[in-house]
Structures are given as C-alpha cells and as structure tokens.
Amino acid sequence: MVKAYVGIGSNLGDRLRTCADALAALGRLPGTHVLAASPFYETEPEDGAGPQWFVNAVAVLGTALAPGPLLAALQKMECLAGRAEERARGKNRTLDLDLLLYGDQVLQERNLTLPHPRLHQRRFVLVPLCAVAPDVMHPTLGRPMRELLAALGPGPAVRLVEPGSARAGAAGGAGGAGVAA
Ligand code: ADP
Ligand code: MG
C-alpha cells in the first residue's frame, strides 16, 4: 500500500460537484481508498489558463495500484467527465486529475513524471497539499511542502470555499455571473 497524492481541479460546469464526485470515485478505484482530503479552494487561473477560476483540492490515497495504472485510471475519469472534447480549449477543463506524488518515487517516463513536474511552482497545488501533508518531503527537491509554499511568496489567489456556499457551484469565477450571494 503506497500513499499517493492526487490533485483535483475543475473550471468548467458545476466545479464543486465535479471535484466532490471525483473524490468519491477515487475511493472506488481497485485496491484504493481515500485516507484524507483537503478542503476545496477557489483558485485564480495561472499557467495561461483562464479566465474561469478553478476549484482545486488534493486527495491522499492509500493504493495498491502501480503508478502507471493509477494514472491511466485518473485519465479515464477525466475522459468520462468530458475531457477528451476539451483538448482544443486550452487549459480550461471539466476535470483535471494530476498524480502529484506516489510515495517518494522518482520517475521519468513518456507519459508520467513523478513527482509531478510543476507541483512546486503552483499555489493551487501547494495550498491544498499543505492542508493535508505540510511535512511531506518533495522527493527530488528535498524540502517539505510547507517550505516550498513559503518560498513561492505572494501569487495568484487561493481561497477556501466556504462550506455550504453556492458560489463554487457556478462557472465564471469568483463573483461571476449567476452566482448566488
Ligand atoms: P497539467 O494538469 O499539468 O496542467 P495536463 O493535465 O494538460 O497538464 O497534462 C496531461 C499530460 O501530462 C498527460 O499527457 C500525462 O501523461 C502527462 N503527465 C506526466 N506526468 C504526469 C503526472 N504526474 N500526473 C498527471 N499527468 C502527467
Ligand atoms: Mg493534468
């Protein structure tokens, strides 16, 4: 059983529902259960994504799946959520699942890099990751996640989705059209 950390993201459709459903589906993967999950955050687009704000979270899995089959399962879940048709639409996506860490494994294959090559640069990954695993070490940088987050300094906004808030359900970003007060 290995601890794997999965980044969950959505900026199209009912973002909060999509992320919550994905979290539940992760727990139904063979040989896998969800050990912990971060709160949901609303995050300002970066990496050229946008303009729609994302909902992001991180799940901690205990899994008997090897990294390749686990990534394949994540990609199948993305496709079921409609991801295949979204390729032409840049970084906007109904569901994005990234394998952030798989134990302390370091891997560089055509389709899979571990740890995820951009996790240490992304506030929308490090903030939720630090909510569940601040002391986990980055396998190649040799620093705990909380230090990597502190090293980022100020950047794109990452804020907690208030429990029970209707805001996160609507696409269109913080304060976007059609958002309930
Ligand atoms: P990102 O989520 O980083 O913005 P994408 O989801 O568009 O990027 O990238 C998906 C591609 O990244 C896939 O082709 C996948 O094979 C590759 N990839 C490499 N390493 C990983 C990883 N650790 N987790 C998820 N996808 C990965
Ligand atoms: Mg991805």
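The values are calculated or read from the model by the stated rules, or taken from the named source; none is laboratory data. Owing to the predicted nature of the structure, the values given are computational and were not obtained by experimental measurement. Every residue, glycine among them, receives a Cβ derived from its backbone with ideal geometry; neighbour counts consider all protein chains shown.
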Practice task
Go through the range 56-88 and count every residue that is part of a helix (DSSP H, G or I), more than 11 Å from ligand 1 (Cβ to nearest atom) and at pLDDT below 95.
Solution key: 5
Exercise for the section: Would you mention how many residues in the range 21-43 are in a loop (DSSP other than H, G, I, E, B), buried (at least 16 other Cβ atoms within 10 Å of the Cβ) and not polar (S, T, N, Q)? Expected result: 2
Exercise for the section: Give me a count of the residues in the range 111-143 that are more than 23 Å from Tyr41 (Cβ to Cβ), in a loop (DSSP other than H, G, I, E, B) and within 15 Å of ligand 2 (Cβ to nearest atom). Expected result: 2
Fill in the blank from the handout: Here the residues within the range 129-149 that are surrounded by 15 or more Cβ atoms within 10 Å (Cβ to Cβ) and within 14 Å of ligand 1 (Cβ to nearest atom) are Leu129, His138, Pro139
Problem - Scope the range 103-120; condition more than 7 Å from ligand 1 (Cβ to nearest atom) and either at pLDDT below 95 or more than 14 Å from the chain's Cα centre (by Cα) (or both); matching residues - result: Gly103, Asp104, Gln105, Val106, Leu107, Gln108, Glu109, Arg110
Handout entry: Considering residues of the range 1-18 that are among the small types (Gly, Ala, Ser) and within 16 Å of ligand 2 (Cβ to nearest atom) only, the residue nearest to Asp98 (Cα to Cα)
Key = Gly7
Problem - Output for the range 19-42, where each listed residue is more than 14 Å from ligand 2 (Cβ to nearest atom), under 14 Å from the mean Cα position of the chain (by Cα) and of a type outside the set (A, V, I, L, M) - result: Asp21, Ser38, Pro39, Phe40, Tyr41, Glu42
Exercise for the section: Select from the range 89-101 the residues that are surrounded by 19 or more Cβ atoms within 10 Å (Cβ to Cβ) and more than 8 Å from ligand 1 (Cβ to nearest atom) and write down the one among them that is modelled with the lowest pLDDT. Expected result: Thr94
Practice task
Output yes when any residue across the range 91-100 is under 14 Å from the mean Cα position of the chain (by Cα) and over 15 Å from Ser10 (Cβ atoms), and no when none is.
Solution key: yes
